[in-house]
Amino acid sequence: MFDQNLNSEPAIAIYQLNHFFGTGALRKQALFDINLEIQAGEIVIMTGPSGSGKTTLLTLMGGLRSAQIGSLKILGQEICGANKHQLTQLRRNIGYIFQAHNLMTFLTAKENVRMSLELHEQYLAGDPNAKAEEMLTSVGLEERMDYYPESLSGGQRQRVAIARALVSHPKIVLADEPTAALDKKSGRDVVELMQKLAKQQGCTILLVTHDNRILDIADRIIYMEDGKLVSDGVDVAMKVK
Ligand SMILES: Nc1ncnc2c1ncn2[C@@H]1O[C@H](COP(=O)(O)OP(=O)(O)OP(=O)(O)O)[C@@H](O)[C@H]1O
Ligand SMILES: [Mg+2]
């Protein structure tokens, strides 16, 4: 269903998207007339003040909440008004990395990564253990595969989260402040790793951050304010200076 013509179709295409929370007197608009296209293979950073709607937009794109008004196409598929089954299908093509890494505390690093593979039928035939080990090695955790999250540092946990998000080679990775809990050096390492793996796999990345020090990894920076996309396509070189 998500076959994509990489040459022409944007990975993400949003047209006049609006989003409201609540109903009746409590109904409040969180997103206003969002228009955005992200091409396959692009790395885009989204920034903007707290409460401006970044997470809301990311969760709509990821099918974690349903979009109602406007058009939101992910990998060519319209998901505005999509049903639960369609959203579940969509989520299989997306890797998520959140600020709080959301690792399963009762599973080891390797088991956390392997679990993500087990959601994908096409990987059941292979050796999920070997795949998980290979991915953890590529994020520098070959010595820590059998550790539980509580015995890992913040940066190591975030690297497990990256391994988990990328092990199934998703076409799109959505990352919501993946470096927020990390020091400068670990934060930088984590995004450079995401960048490297994404380029290898040819996947599209949308990364929300407040961290000015990582803006230079992006092909493009977009800015949200009060539920609106106020700038799209700011020249990365200018912004970083
Ligand atoms: N589940 C919800 N119910 C009602 N309002 C919500 C809900 N989630 C978010 N909002 C509101 O929508 C607006 C945008 O929130 P959102 O979480 O998208 O902001 P953000 O840009 O991610 O902020 P931050 O940088 O602090 O993470 C805020 O005013 C928030 O209060
Ligand atoms: Mg947020």
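Each reported figure results from applying straightforward, stated rules to the coordinates on display, with no laboratory input. Since this is a predicted model, take the numbers as computed values, not measurements. Methodologically, a virtual Cβ is constructed for each residue, glycine included, from the backbone with ideal geometry; neighbour enumeration extends over all protein chains shown.
For the reader, a short list of remarks on this structure follows.
- Mean residue ellipticity, 222 nm, helices only, the chain: the sum of -39500 (n - 2.57) across DSSP H runs of n ≥ 4, divided by residue count and rounded to 500, is -9000 deg cm²/dmol.
- Label zone of residue 89 (point 7 Å out along Cα→Cβ, amide N under 19 Å): in region 146-174 this covers 170-172.
- Under 17 Å from the residue 16 label point (7 Å along Cα→beta-carbon), backbone N, region 75-103: 78-81
- Exposure proxy ranking, count of Cβ atoms within 10 Å, fewest first, for 171, 28, 73: 28, 73, 171
- Reachable lysines from residue 54, criterion Cα separation under 29 angstrom, eight or more residues apart if same chain: 28, 73, 84, 171, 184, 185, 196, 199, 228, 239, 241
- The chain: C-alpha gyration tensor shape, a/c 1.5 cut-off, then a/b vs b/c: prolate
- Ordering 80, 203 by the number of other Cβ atoms within 10 Å of each residue's own Cβ, fewest first, gives 80, 203.
- Scaled radius of gyration (Cα, divided by 2.2 N^0.38 Å) that region 124-179 gives: 1.15
- Percent of Cα pairs exceeding the 13 Å cut-off, where the set is region 11-61: 65 percent
- Measuring r between the beta carbons of residue 201 and residue 25 and using R0 = 51 Å, the FRET efficiency lands at 0.65.
- Among the chymotrypsin sites (Phe, Trp or Tyr not before Pro) within region 82-168, those in coil by DSSP and having at most 12 neighbouring Cβ atoms inside 10 Å are 106.
- Where GluC sites (Glu not before Pro) in DSSP loops with at most 14 other Cβ within 10 Å are excluded, longest remaining stretch of the chain: 1-117
- Gain on full stretching of the segment that runs from residue 143 to residue 9 - 0.36 nm per residue minus C-alpha separation: 44.2 nm
- Separation of region 28-87 from region 9-24 is 5 Å, based on Cα centroids.
- Here the Gaussian network model covers the chain, with springs between Cα atoms less than 10 Å apart; of 93, 212, 102, 212 fluctuates the most.
- Pairs of Cα atoms nearer than 8 Å and 6+ residues apart set the relative contact order; for region 1-108 it is 28 percent.
- Applying the criteria of a DSSP loop state and at most 14 other Cβ atoms within 10 Å to the chymotrypsin sites (Phe, Trp or Tyr not before Pro) of region 1-87 yields 2.
- Dipole-positive endmost among 58, 166, 75 within the chain (Cβ charges, Cα centre): 58
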